[in-house]
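Everything below concerns the one structure shown next.
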Amino acid sequence: MLASAPERDPYWTSVVSLVSFDGSNGSTSIVDAKGNSWTTFGNAALSTTGPKFGSACLLLDGTGDYVQSAIASAIGSGDFTVEFWFWYASTPGASQELLCVVTPESTNADLIIELTAVNQVRITIRNNGASNGFDASTSISPTAGAWNHFSVSVVGTDVRCRVNGVLGLSGTLTGTRGNTLSTVRLGRLASGTPRDFNGRLDELRITKGVGRYPGGGNYSVAVSYWPRR
């Protein structure tokens, strides 16, 4: 059963980024409720066609399109939650990047979330951009041609990933993350093969210091905006 988002977020002070991608069609102006500045690359722009919520969503055409923002210690070295909605027309022929968190202390991303060629969501969490502390794919597949909600939450060493509220992956995080600077990028990998995403994104929320949705169960996906307070 779906549930509406609460009027207030009990973890609002821990939210480091919240982006609804609302605006006029074709706009490259992205407003973050936490005041972060986002830059668009390629043809990345807002689209008023079929957003999940509100007036628009982020449209990426799979050829050089991405957006990014410098957010200090976006996921930190402890608990965190990254969640967003995504839409894609069909299973890609090769992996496509949904989100990554890149740090200047390393040449690799600390967090990589990608849509794979076998229609799963793969999550990689690296230790200071080096060795993998966690690397696996969900057993639950998202649905092509529809909006899908994805979340990854870390509580201590416990990693939980859900697709449309259904637990599709759990495991144990090893190693230590300690980077203090970071860039959050949507739609393209930071290094190596770009793996550009062809689709739409909406309602991104990053919470640092809090692993939302703890435990091994499922949750009801909200049917409206995340609260802005």
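Some observations on this one:
- Matching residues in region 141-154 - criterion: being over 17 Å from the mean Cα position of the chain (by Cα) and surrounded by 15 or more Cβ atoms within 10 Å (Cβ to Cβ): Ala144
- Test: residue in region 89-99 that is farther than 16 Å from Asp202 by Cβ and part of a strand (DSSP E or B): yes
- Of the residues screened, Tyr66 is one that is over 19 Å from Val152 (Cβ atoms) and not basic (Lys, Arg).
- Test for Ser17: is it assigned to a loop (DSSP other than H, G, I, E, B) and either in contact with a helix residue (DSSP H, G or I) (Cβ under 6 Å, 6 or more places away or on another chain) or modelled with pLDDT of 95 or more (or both): no
- Looking at Leu186, Leu167, Leu111, Leu201, just one residue is in contact (Cβ under 8 Å) with a residue 24 or more places away in the chain, surrounded by fewer than 20 Cβ atoms within 10 Å (Cβ to Cβ) and touching a Cys at 6+ places or on another chain (Cβ under 9 Å), and that residue is Leu167.
- Considering region 195-229, and only residues there that are at pLDDT 90 or above and charged (D, E, K, R), the residue that is nearest to Arg122 (Cα to Cα) turns out to be Arg195.
- Selection from region 171-183 of residues that are loosely packed, with under 15 Cβ neighbours inside 10 Å and either touching a Gly at 6+ places or on another chain (Cβ under 7 Å) or polar (S, T, N, Q) (or both): Thr172, Thr174, Thr176, Thr180
- Any chance Ile30 is at pLDDT 95 or above, outside any strand (DSSP E or B), crowded, with 21+ Cβ neighbours inside 10 Å and not basic (Lys, Arg): yes
- Inside region 172-190, residues that are more than 17 Å from the chain's Cα centre (by Cα) and either of a type in the set (A, V, I, L, M) or at negative phi (or both) make up a count of 9.
- Residues within region 61-110 that are of a type in the set (Asp, Glu) and touching a Lys or Arg at 6+ places or on another chain (Cβ under 7 Å), tallied: 3
- Filter pass, Ser191 being part of a loop (DSSP other than H, G, I, E, B) and in contact (Cβ under 8 Å) with a residue 60 or more places away in the chain: yes
- Where a residue in region 207-229 is hydroxyl-bearing (Ser, Thr, Tyr) and its partner, wherever it lies, is modelled with pLDDT under 90 and not in a loop (DSSP other than H, G, I, E, B), with Cβ under 7 Å and at least six apart: Ser220/Ala3
- Condition met for Phe134 (at pLDDT 95 or above and surrounded by 17 or more Cβ atoms within 10 Å (Cβ to Cβ)): no
- In the set (1) surrounded by fewer than 19 Cβ atoms within 10 Å (Cβ to Cβ); (2) among the hydrophobic types (A, V, I, L, M, F, W, C); (3) modelled with pLDDT under 95, the condition left unmet by Ile75 is number (1).
- Any hit, region 198-207, residues being part of a loop (DSSP other than H, G, I, E, B) and charged (D, E, K, R): no
- Residue within region 42-62 that is assigned to a loop (DSSP other than H, G, I, E, B), acidic (Asp, Glu), surrounded by fewer than 22 Cβ atoms within 10 Å (Cβ to Cβ) and out of contact with any helix residue (DSSP H, G or I) (no Cβ under 7 Å at 6 or more places or on another chain) present: no
The values are calculated or read from the model by the stated rules, or taken from the named source; none is laboratory data. Please read all numbers here as calculations on a predicted model, not as lab measurements. For neighbour counting, all protein chains shown are included, and Cβ atoms are generated from backbone atoms with ideal geometry for every residue, glycine included.
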